[in-house]
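As structure tokens, the structure follows; a few thoughts come after it.
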Amino acid sequence: MTTTNIPGTDTTGDAANAAGPSTAADGTAAEAAGALMGRLFGAALGAAELFTVYLGEVHGIYRAIDEAGPITASELAERTGLDHRYLVEWLQSQAISGLLTIDGSDVWTDRFDLAPGVRVALLEPTSPVYAGGLAAIVPAVGRSFPQVVAAFKSGAGVPYAAYGEEAVAAQEMLNRPAYVNSLAAEWIPNVPGLHDLLTKGARVADLGTGAGWSAIELAKAYPAVHVDGYDNDEDSITRARRNAAEQGVADRVGFEVRDITEVLAGGTQYDLITFFECVHDFAHPVEALVAARTALAPGGRVLVMDERADEQLQAPGDEVQRFLAAASTIWCTPQGRVDEDSDIVGAIMRPHQLRHLAEHAGFTKVDVLPIDHPFWRFYELTP
């Protein structure tokens, strides 16, 4: 039987149906595969560009361009002491990526300058939109990745030190802007009674302190407090001590390399104990929370800031959840499994999981605090 296509009549659906359901399914699968290929290409592009951003940061190229104004590759090489040929290639890539402007089309002789927004995002480390830490993630993971690959077979952990100094730098750069801009101005005022406690004077323990910026900003905002910062990473504590001295608070902020599950038992009693973005990383989170509870002075407070994972799994998830899940796989979980008997939760720590940990640590109540943040959720734990 022959058919005639009548103007205005769509026969596409009939043709697809005549061809059978497998043809339609194949078409849908091909479209999905094409979309996925495009998404993965975008991910590869982003990773490659982050490497170039890191080169610009670690060699001070962005800073040199900012200080010198529009500058040629030759002038930049003389100013920085870097190889001219590599700089030409880097400058070209940055102009094509839109991070630099060029006043012509000859990368060898024309002048380059920072594109709008680059100064704030890459040269101002306390800016709320500072993004320099993102670039450091890529070389840190690259340094450790052979061990991560092997760990998937062996089940072993990958020590934090395997990620190199870039890991410490990345975490320091990623979190510092929030501590500088929000810790005292937004977060503390939204914890009932905490501002008054700190204003009058309090002994504070900052557990998992890293490079110390949370402890430092607390001390800067509240001159009557004394803060003890503890972390088991020596490089982080070295940076924390240097940061405290540079910020003029070393007389009220001390840092020690310690296992926090041991250091607090039978020691100083604290009015406030804080965990800023670290509970999900701990190999033994319950033991850490027990240590905090036993070190509390009467009426003491425990504040936890951790990842804002969705309350229930959403698959596929939004970009924040995708970032947390990927970071948990290649960063948090390998580091937390260095101990053979690890109970690490990982970055996807949902509220019910923290409540479970707190209950096993002897806390009677966990309140989610009214602090709105795209990446973090805030809790107060009550003994």
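Once backbone amide H atoms are built at 1.01 Å from N, T209 has Y230, D231 as its partners under 5 Å, excluding neighbours fewer than 5 places away on the same chain. Computed from backbone phi with θ = phi - 60° and the Karplus coefficients 6.51, -1.76 and 1.60, the 3J(HN,Hα) list for the range 299-309 is x, x, 10, 10, 10, 10, 10, 9, 4, 8, 6 Hz; x is used for glycine and proline. The protection proxy used here, the mean number of other Cβ atoms lying within 10 Å of each residue, ranks peptides 103-114, 324-335 as follows, highest first: 324-335, 103-114. Note: relative contact order over the range 122-277, using C-alpha pairs below 8 Å and six or more positions apart, is 20 percent.
Sorting the segments 215-223, 273-281, 181-189 by their mean number of nearby beta carbons within 10 angstrom, highest to lowest, gives 273-281, 215-223, 181-189. The distance between label points at N181 and K365 comes to 3.3 nm (points 7 Å beyond Cα on the Cα→Cβ vector). Summing +1 for each Lys or Arg and -1 for each Asp or Glu among the other residues whose beta-carbon sits under 11 angstrom from that of W187 gives -3.
For the chain, calculate the relative contact order in percent as a whole number, restricting contacts to Cα pairs under 8 Å that are 6 or more residues apart. Answer for the chain is 11 percent.
Near the amide H of L369, within less than 5 Å, lie the amide hydrogens of F378, Y379, E380, all on another chain or at least 5 residues away, with H placed in the peptide plane. Candidates A219, L272, T329 compared by Cα position along the dipole of the chain: farthest toward the positive end lies L272, with charges placed on Cβ.
Within the chain, DSSP assigns beta bridges of which about 40% are antiparallel (rounded to the nearest 5). Each of L40 and F145 was given a label point 7 Å from its Cα along the Cα-to-Cβ line. The distance between the two points is 1.4 nm.
Mean residue ellipticity, 222 nm, helices only, the chain: the sum of -39500 (n - 2.57) across DSSP H runs of n ≥ 4, divided by residue count and rounded to 500, is -15000 deg cm²/dmol.
The amide H of I273, built 1.01 Å from its N in the peptide plane, has A205, R301, V302, L303 as neighbours under 5 Å, considering only residues 5 or more places off or on other chains.
Shown in residue order for the range 109-125 are the 3J(HN,Hα) couplings computed by the Karplus curve 6.51 cos²θ - 1.76 cosθ + 1.60 at θ = phi - 60°: 10, 7, 9, 10, 8, 5, 6, x, x, 5, 4, 5, 7, 10, 10, 10, x Hz (x for Gly and Pro). Straightening the chain between E246 and T109 buys 45.2 nm, computed as 0.36 nm per residue apart minus the Cα-Cα spacing. Packing order of peptides 297-303, 352-358, highest average first: 352-358, 297-303 (average count of other Cβ atoms within 10 Å over each peptide's residues).
Quick note: the coordinates plus some simple rules give every number you see, no bench work behind them. From a predicted model like this one, the values you see are computed outputs, not experimental measurements. Note: ideal-geometry Cβ built from the backbone for every residue, glycine included; neighbour counts use all protein chains shown.
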